[in-house]
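This report concerns only the one structure given below.
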Amino acid sequence: MNIAVIGPGRIGGNIARRLARAGHQLTLSFARDEHALARLADEIGVRVDTPAAAVAAADVVVFAVPWSAIPEALQQAGALDGKIVIDTTNQFGSGEMPRSGQTAAAFNAGRMPGARYTKSFNTLTAAFQVQVAERPHEQRVVQWLCGDDDDAKRTVASLIEDAGYVPVDLSGTAGCEVMEAPRRAGAVYGEEWRLPEALDVVAAVREGRPIPETPQYSQ
Ligand SMILES: NC(=O)c1ccc[n+]([C@@H]2O[C@H](COP(=O)([O-])OP(=O)(O)OC[C@H]3O[C@@H](n4cnc5c(N)ncnc54)[C@H](OP(=O)(O)O)[C@@H]3O)[C@@H](O)[C@H]2O)c1
């Protein structure tokens, strides 16, 4: 697939590297340091372009910028009509925030009109995502996924697998609080989960029950 990564830093850079290695066509975009961006693109063997051009050519657009930079990234990206979006952001720092009771996913979906919005790759630190991406199948970690477009989520799930993780579809954008910051009891944010235990989380969320305790894995 043609994939634009808007903000290929710690999170987006790993996603770009993993998906390029899996055979996808990546374009990197949106940096204050254009030289560093070009160096990263050379190293991975992918293209650089403006946000508008990268998005126009893309099937899938990954937003991996700090929360405060989202409005600028969206403005430079231009129309997202029909594009599958993977939002990796968390609501830290400055900028307009979700209203009380609204998920960050629902808030961001609302400022990406026309996009086929999904949220993923946001619950684990960037260093951990790099560290675990080559694990054998049974030890692979879950990348939670939410969104309101089932076809878009199926596409993103297959990209998560290509990147070396296990996709688990948690919910729509309205019901995904447990995968959102901050790290806290009763949430999956900030914790390692693997598939068998993650399926119990999905069932709990669907039934409106508290999720099971965070598992401890010895290896
Ligand atoms: N780091 C983590 O462990 C982690 C884990 C899960 C989710 N997240 C979320 O993922 C998103 C990206 O985080 P990250 O840690 O990957 O950030 P990062 O390493 O700082 O990368 C940000 C990227 O955006 C670019 N950028 C362009 N304009 C920018 C601006 N005005 N201000 C800042 N950066 C700008 C940066 O390039 P230049 O520096 O050249 O501008 C860089 O490529 C955030 O929303 C974060 O909450 C982070």
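Just a few scattered comments:
- If you go through the stretch 185-200 and pick out every residue that is in contact with a strand residue (DSSP E or B) (Cβ under 7 Å, 6 or more places away or on another chain) and farther than 19 Å from Gly164 by Cβ, you end up with 0.
- Pairs meeting the criteria (first residue in the stretch 89-111 and farther than 12 Å from Gly175 by Cα, second residue among the aliphatic types (A, V, I, L, M) and open to solvent by 50 Å² or more (accessible area, probe 1.4 Å), beta carbons under 9 Å, at least 6 apart or on different chains) are Gln91/Met97; Phe107/Met97.
- So Arg209, is it of a type outside the set (A, V, I, L, M, F, W, C), surrounded by 14 or more Cβ atoms within 10 Å (Cβ to Cβ) and more than 16 Å from Thr118 (Cα to Cα): no
- Thr118 being open to solvent by less than 10 Å² (accessible area, probe 1.4 Å), in contact with a strand residue (DSSP E or B) (Cβ under 9 Å, 6 or more places away or on another chain) and part of a loop (DSSP other than H, G, I, E, B): no
- Among the residues making up the stretch 82-102, those that are hydrophobic (A, V, I, L, M, F, W, C) and either within 14 Å of the ligand (Cβ to nearest atom) or surrounded by fewer than 23 Cβ atoms within 10 Å (Cβ to Cβ) (or both) are Val85, Ile86, Phe92, Met97.
- Remark: pairs (first residue in the stretch 181-199, of a type in the set (A, V, I, L, M); second residue open to solvent by 30 Å² or more (accessible area, probe 1.4 Å) and more than 13 Å from the ligand (Cβ to nearest atom); Cβ separation under 8 Å; 6+ apart in sequence or on different chains) = Ala187/Glu177; Val188/Thr214; Leu195/Arg140.
- Residue list for the stretch 194-219, filter: over 19 Å from Gln129 (Cα atoms), over 23 Å from the mean Cα position of the chain (by Cα) and not in a helix (DSSP H, G or I): Gly208, Arg209, Pro210, Pro212, Glu213
- Test for Asp162: is it out of contact with any helix residue (DSSP H, G or I) (no Cβ under 9 Å at 6 or more places or on another chain) and either more than 16 Å from the ligand (Cβ to nearest atom) or under 24 Å from Arg17 (Cα atoms) (or both): no
- Count - residues of the stretch 157-188 that are under 16 Å from Arg206 (Cβ atoms) and in a helix (DSSP H, G or I): 6
- Scanning the stretch 150-168 for residues that are open to solvent by less than 40 Å² (accessible area, probe 1.4 Å) and without any contact (Cβ under 8 Å) to a residue 40 or more places away in the chain yields Lys153, Ala157, Tyr165, Val166, Val168.
- Filter result (among the polar types (S, T, N, Q) and open to solvent by 50 Å² or more (accessible area, probe 1.4 Å)) within the stretch 6-46: Gln25
- When we screen Ala109, Ala105, Ala127 for residues that are surrounded by fewer than 18 Cβ atoms within 10 Å (Cβ to Cβ) and either in a helix (DSSP H, G or I) or more than 11 Å from the ligand (Cβ to nearest atom) (or both), the only hit is Ala127.
The values are calculated or read from the model by the stated rules, or taken from the named source; none is laboratory data. Model, not experiment: these values are computed from the prediction. Virtual Cβ from ideal backbone geometry, glycine too; neighbours counted across all protein chains shown. We work out accessible area using only protein heavy atoms, side chains counted, and drop any ligands, DNA or RNA first. Shrake-Rupley method; radii C 1.70, N 1.55, O 1.52, S 1.80 Å.
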